[in-house]
Amino acid sequence: MNNMKLIALLPDLASFILIVEEGSFTAAAKKLEVTPSALSKMVTRLEASLSVKLFERTTRTLIITRAGQQVYDQAVIMVNAAKQAVELSVSDHTEISGALTVAAPEAFLNSVLQPFVVPFLKQYPDIQLKLRVADGEIDLIRDNIDIAFKLTDKPDENLVLKEIGSTNLVLCASPDYIQQRGMPSHPNQLVEHDCLYLAENDRDHIWDFFKDDEFHSVSVSGRYAVNHSQMRLTGVKNALGIGIFHDFVIADAIKNGEVVPVLANWTIKSNYHGGVAMQYAQTKYMPARLRAFIDYVSDALAEKLE
């Protein structure tokens with residue numbers, strides 16, 4: 001029997017189970033709010049579909065046949081499995097539990113998201129959280145990701161967008177480096193300096209600068225390139241050159257005097273500038289765990305990313 005025919009039989013099998021358990025058509029019909037004759041026709045239809053006789057019927061008694069007992073035993077398993085599937089589906093959208101996979105760029109994950117992980121998991125003890133570093137392009141469906149954080153002004157139009165803030169790019173260098181090599185006063189002077197960049201994409205060594213009506217695109221170079229923000233920051237702190245960072249990565253180092261801003265009166269753009277957003281697949285029924293995460297992170301990060 002193919003799946004479509006089997007699915008069509010499920011309502012009849014469920015009614016058949018109730019007849020067996022109630023012991024009569026009348027009692028079962030009352031629970032189902034149908035007439036006994038309607039149930040009788042249903043049993044006749046089910047017997048024809050299965051090519052077996054399910055009951056021996058007399059005027060006073062209803063006796064299940066041997067074949068009917070076998071059908072009953074298997075039908076109970078099937079209907080219970082269907083119930084469990086429905087219950088799981090319902091709980092997925094009402095109970096805040098289950099696995100949640102979140103992807104984010106390394107710098108954002110380490111500097112911004114990481115401090116909120118433990119409090120979130122303590123508030124929702126039935127959620128299993130999986131964090132994945134994703135600095136390159138990702139496919140949420142292919143990579144089995146529930147939600148992704150993106151730092152870009154070009155979000156994926158095929159996904160739901162939840163904006164949570166913005167971020168700026170900052171150039172900085174250590175006081176020792178500035179003392180040794182001098183402070184650049186114009187973007188074009190960067191070609192005379194050692195610069196640390198991501199080396200993740202072909203254009204990462206091209207830094208674009210804007211101020212009023214001016215625009216300058218500078219091809220920088222240096223002895224050290226690394227696509228890990230903390231390693232790049234360590235290099236900058238140790239006077240290896242001028243580095244480019246998101247403001248949330250470099251804020252503490254600037255505050256502590258470990259590095260100083262460079263060309264602070266210019267706006268810098270690269271592949272990684274723009275808004276900070278969460279993106280997830282469009283769904284009519286959002287799992288409760290995903291909604292809980294979105295709400296929690298939106299509230300937690302709103303002030304931090306102002």
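The values are calculated or read from the model by the stated rules, or taken from the named source; none is laboratory data. Treat the numbers as computed from the prediction; the structure is a model and nothing was measured. A quick note on method: Cβ atoms are made from the backbone with ideal geometry, for glycine too, and the neighbour counts reach across all protein chains shown.
Things worth noting here:
- Any chance Pro125 is at pLDDT 85 or above, under 21 Å from Val297 (Cα atoms), surrounded by fewer than 15 Cβ atoms within 10 Å (Cβ to Cβ) and of a type outside the set (A, V, I, L, M): yes
- Among (1) in contact with a Leu (Cβ under 7 Å, 6 or more places away or on another chain); (2) over 23 Å from Thr26 (Cβ atoms); (3) of a type outside the set (Asp, Glu); (4) at pLDDT 90 or above - the single one Ala82 does not satisfy: (4)
- Of all residues in the range 123-138, those that are under 26 Å from Gln230 (Cα atoms) and part of a loop (DSSP other than H, G, I, E, B) total 5.
- Here His205 fulfils each of the conditions (1) in contact with a helix residue (DSSP H, G or I) (Cβ under 8 Å, 6 or more places away or on another chain); (2) of a type outside the set (Asp, Glu); (3) surrounded by 17 or more Cβ atoms within 10 Å (Cβ to Cβ) apart from (1).
- Of all residues in the range 130-168 being under 21 Å from Ala302 (Cβ atoms) and more than 16 Å from the chain's Cα centre (by Cα), the one that is modelled with the highest pLDDT: Asn168
- In the range 39-59, the residues that are part of a helix (DSSP H, G or I) form Cβ pairs under 6 Å with partners that are among the acidic types (Asp, Glu), at six or more places apart or across chains, as follows: Met42/Asp12; Leu46/Asp12.
Results for (1) modelled with pLDDT under 90; (2) out of contact with any Gly (no Cβ under 7 Å at 6 or more places or on another chain); (3) of a type in the set (D, E, K, R), shown as yes or no for each residue.
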residue	(1), (2), (3)
Met1	yes, yes, no
Pro11	yes, yes, no
Ile19	no, yes, no
Lys31	yes, yes, yes
Thr44	no, yes, no
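- When Leu171, Leu151, Leu121 are screened for being in contact (Cβ under 8 Å) with a residue 12 or more places away in the chain and more than 21 Å from Asn265 (Cα to Cα), only Leu151 passes.
- When residues of the range 46-66 are limited to those that are surrounded by 12 or more Cβ atoms within 10 Å (Cβ to Cβ) and of a type in the set (A, V, I, L, M), the one modelled with the lowest pLDDT: Leu62
- Any hit, the range 291-302, residues being in contact with a helix residue (DSSP H, G or I) (Cβ under 8 Å, 6 or more places away or on another chain), touching a residue at least 12 places away in the same chain (Cβ under 8 Å), polar (S, T, N, Q) and closer than 20 Å to Phe116 by Cα: no
- Criterion (of a type in the set (A, V, I, L, M), at pLDDT 85 or above and within 23 Å of Phe25 (Cβ to Cβ)) met by exactly one of Ala75, Ala103, Ala99: Ala75
- Residue satisfying condition, being in a strand (DSSP E or B) and without any contact (Cβ under 8 Å) to a residue 12 or more places away in the chain, within set Phe210, Phe215: Phe215
- So Leu198, is it under 27 Å from the mean Cα position of the chain (by Cα) and assigned to a loop (DSSP other than H, G, I, E, B): yes
- Test for Gly235: is it touching a residue at least 12 places away in the same chain (Cβ under 8 Å), buried (at least 19 other Cβ atoms within 10 Å of the Cβ) and touching a helix residue (DSSP H, G or I) at 6+ places or on another chain (Cβ under 7 Å): no
- Which numbered condition Gln179 fails, given (1) at pLDDT 95 or above; (2) assigned to a strand (DSSP E or B): (2)
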